[in-house]
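The values are calculated or read from the model by the stated rules, or taken from the named source; none is laboratory data. The structure displayed is predicted, hence computed values, not measured ones. Backbone-built Cβ (ideal geometry, glycine too); neighbour counts: all protein chains shown. Please note that ligands, DNA and RNA were not included when accessible areas were found on the heavy atoms of the full protein model with its side chains. Shrake-Rupley method; radii C 1.70, N 1.55, O 1.52, S 1.80 Å.
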Amino acid sequence: MSDALHHRLIAAAAIMREAGKVAHDYFVRRDQLQVELKGMQDLVSIADRAVEDLIRQHLASAFPQDSIIGEEGGAEAARASGPVWVIDPIDGTANFLRGLPYWCVTLGLYLDRRLELGLTYDPIHDQLFSARRGHGAVRDGRPIRVSDCRDPRQAVLGSTFTFKMKIERYLNLVEAILRAGADHRRFGSTALMMAHVADGRIDGCATLYCNSWDVVGGLMLVEEAGGVASDFLDGAELDQPNRVFGCAPGMLATIQGLPGMDLPVDPA
Ligand code: IPD
Ligand code: CA
Ligand code: CA
């Protein structure tokens, strides 16, 4: 599968750039999009569906035997073996629909339940982050690395929130980050935050409730950029939420010590 994985990485990179361009075209005319509410503070528009359809069509035509799951199109293939693509067509939809420039298109590939590829494309900055297990992580072809931060008092740590989780758990997590002396960010796109961990811009990201499509591409980026990332399939399937982290090695003890990181997901 080695050459086949290389082939998939090259194909996926081209698909990400094309999908990102389509997403960006919607972004510039977002005021014309009809927005639906999927749940509390959980928005979707034609842009999410059109971008996922495009990615699915390209993957299905290039790799007809592969399984595909995605946020908008369904996760029926979540337990398949062999190659399984995991798509989030727009991660950071709330930002996207408000004209905030922090969102991305992201993709991961599992092979026989092991994460092998991760790609995240930031259309606003035209930056493609990609990684293949054992081959490193790059931004537009140039190697990237997690930060060398070892002191939480010099760190910036990210987190994420959804109304699907208990508010108290989120507040406890943020409080612990601040009490450790780290600064905190929640930018609203888990996938792009993980890419920015991989690129050494922030020092880690921890989330107590996360879907596979939000994050698996980013976990591969962090690991291949010299960081430490949790295994999404440890404690959940690809169609179930899990708690997840990705960080610079020097932040591992701090992240693992955060409240809730050792507990199962606790839905609201
Ligand atoms: C969201 C982002 C955000 C997280 C939310 C997700 P979406 O994804 O990943 O960081 O806090 O829980 O829903 O809905 O924009 O694809
Ligand atoms: Ca998402
Ligand atoms: Ca999404």
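Check A75: other-chain or 5+ apart residues with amide H under 5 Å from its amide H, H built from backbone geometry?
G70
Excluding ligands and nucleic acids, what accessible area in Å² is computed for M40 using a 1.4 Å probe, to the nearest 10?
130 Å²
Kirkwood Rh over Cα pairs of segment 1-111 into Stokes-Einstein at 4 °C, 1.567 mPa s: D in µm²/s?
89 µm²/s
Kindly write out, for segment 250-258 in residue order, the coupling ³J(HN,Hα) from the Karplus curve 6.51 cos²θ - 1.76 cosθ + 1.60 (θ = phi - 60°), rounded to whole Hz, with x marking Gly and Pro.
x, 9, 4, 4, 4, 5, 5, x, 5
Please go through segment 147-220 and write out the chymotrypsin sites (Phe, Trp or Tyr not before Pro) that DSSP classes as loop and that have at most 15 other C-beta atoms within 10 Å.
Loop-located and lightly packed - F163.
Starting from the Cα of K38, draw a straight line to each of the lysines and keep only those under 17 Å, dropping any in the same chain fewer than 8 residues away.
K164
Tell me, what % of the accessible area of the chain is carbon and sulfur with a 1.4 angstrom probe?
C and S atoms contribute 49 percent here.
Before I look further, what does the chain give for accessible area per residue, probe 1.4 Å, in whole square angstrom?
That works out to 43 Å² for each residue.
Dipole of segment 2-143 (Lys/Arg Cβ +1, Asp/Glu Cβ -1, origin at the Cα centre): which of Q34, C104, A23 lies farthest to the positive side?
Sorting the options by dipole projection puts first C104.
Compute the normalised compactness of the chain: alpha-carbon radius of gyration over 2.2 N^0.38 Å, N being the residue count.
Working it through for the chain, the quotient is 0.93.
Run down the aspartates and glutamates and flag those whose C-alpha is under 17 Å from the C-alpha of K21, throwing out any fewer than 8 positions away in its chain.
By straight Cα distance, K21 reaches D48, E52, D53, D88, D91, D122, D126, D140.
Please list the radius of gyration and Dmax for segment 152-256, considering alpha-carbon atoms only, with Å as the unit.
Looking at segment 152-256, its Cα Rg and Dmax stand at 12.4, 36 Å.
Starting from 0.36 nm per residue, how many nanometres of slack lie between R153 and K38 once their C-alpha separation is accounted for?
37.6 nm
Please compute the Kirkwood hydrodynamic radius of segment 63-196 from all pairs of different C-alpha atoms, in Å with one decimal.
This gives a value of 16.8 Å.
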